[in-house]
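These notes are about the structure you will find just below.
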Amino acid sequence: AGSHTASVEAFHQALKAFLKVYQFRDRDRICCFDVSVTQSEALDVLVESGPATQNQLSAALYLDKSTTSRVIATLERKGYVRRTGHPNDGRAFLVEITTQGQKLHDTIEASLLEQQARMLATVPDELRAQMVELLRRMTATASAGISTAGGVCCVVD
């Protein structure tokens, strides 16, 4: 049990350090394009999933509705997204990426991929597939425990 606890603690420390560096790397890299990391992630969702309602964006970004509303408003003001009427609900709207938003997304993605390629150059080929699998498993496990309803804190497994 002691070695398991030690490995969990070592993993936690390593992951915490990595995430701290990674989130600031994204912030420093993405801010060069006149959007925040959250706004960039919203564009990502729209590219990957297509037009979405505010509630769908909130869930995908793990944000509350009011924060998502501000993200949408800022992206719309900058010309990166537009709101259109929802085909099945007259009270709702869909958010869709514009051509300008798609170009910005592609530019940011290319910049991030270039940096990640440099980072992966230090990793032996045989570890890369294992790293991807590990990250996918961790993401699935972690996301299963996240509430997308907003306003929920102190969730205990």
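The values are calculated or read from the model by the stated rules, or taken from the named source; none is laboratory data. None of these values were measured; they are calculated from a predicted model. Note: ideal-geometry Cβ built from the backbone for every residue, glycine included; neighbour counts use all protein chains shown. In case anyone asks, the SASA skips ligands and DNA or RNA and just uses the protein heavy atoms, side chains included. Shrake-Rupley method; radii C 1.70, N 1.55, O 1.52, S 1.80 Å.
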field: Computed label-point distance, nm, for sites Val123 and Ala73 using a 7 Å Cα→Cβ extension
entry: 3.9
field: Angle in degrees between helix 65-77 and the longest Cα principal axis of the chain, rounded to the nearest 10
entry: 60
query: In a GNM of the chain with a 10 Å cut-off on Cα contacts, which of Thr139, Thr38, Thr68 has the highest mean-square fluctuation?
result: Thr139
task: Report the label-to-label distance for Asp44 and Glu96 in nanometres (one decimal), using points 7 Å from each Cα along the Cα→Cβ vector.
output: 2.4
- line: FRET efficiency (Val37, Asn88; Cβ distance; R0 30 Å; to 0.05) is 0.40
- prompt: Tell me, what HN-Hα J-couplings in whole Hz come from the Karplus equation 6.51 cos²θ - 1.76 cosθ + 1.60 at θ = phi - 60° for each residue of the range 4-14, using x for Gly and Pro?
  reply: 5, 4, 5, 5, 5, 5, 5, 4, 4, 5, 5
query: What accessible area, in Å² to the nearest ten, does a 1.4 Å probe give for Leu127?
result: 80
query: To the nearest 10 degrees, how steeply does helix 99-120 sit against the main Cα axis of the chain, on a 0 to 90 scale?
result: 10
From the C-alpha gyration tensor of the chain, square roots of 5λ in Å: 32, 22, 14
message: Report the gain in length on full extension from Gln115 to Asp64: 0.36 nm times residue separation, minus Cα-Cα distance, nm rounded to one decimal.
response: 15.3 nm
task: Excluding residues fewer than 8 places away in the same chain, name every one of the lysines whose C-alpha is closer than 28 Å to that of Lys78.
output: Lys65, Lys103
message: Let me cross-check Arg128: its accessible surface, 1.4 Å probe, with only protein heavy atoms counted, in Å² to the nearest 10?
response: 80
message: Rounding to the nearest 10 and keeping the result within 0 to 90°, find how far the Cα-based axis of helix 125-144 lies from the longest principal axis of the chain.
response: 60
- prompt: Taking a 1.4 Å probe, which of Phe24, Phe93 shows the most accessible area, and what order do the others take after it?
  reply: Phe24, Phe93
- request: Determine the order of Leu46, Leu94, Leu19 by accessible area, beginning with the largest, at a probe radius of 1.4 Å.
  value: Leu19, Leu94, Leu46
- prompt: Roughly how many nanometres apart are two label points built 7 Å out from the Cα toward the Cβ at Val132 and Asp28?
  reply: 2.8
query: Ignoring ligands, DNA and RNA, what percent of the accessible area of the chain is carbon or sulfur (1.4 Å)?
result: 57
message: Sequence gap at least 6, Cα distance under 8 Å: using those rules, report the relative contact order of the chain to the nearest whole percent.
response: 22
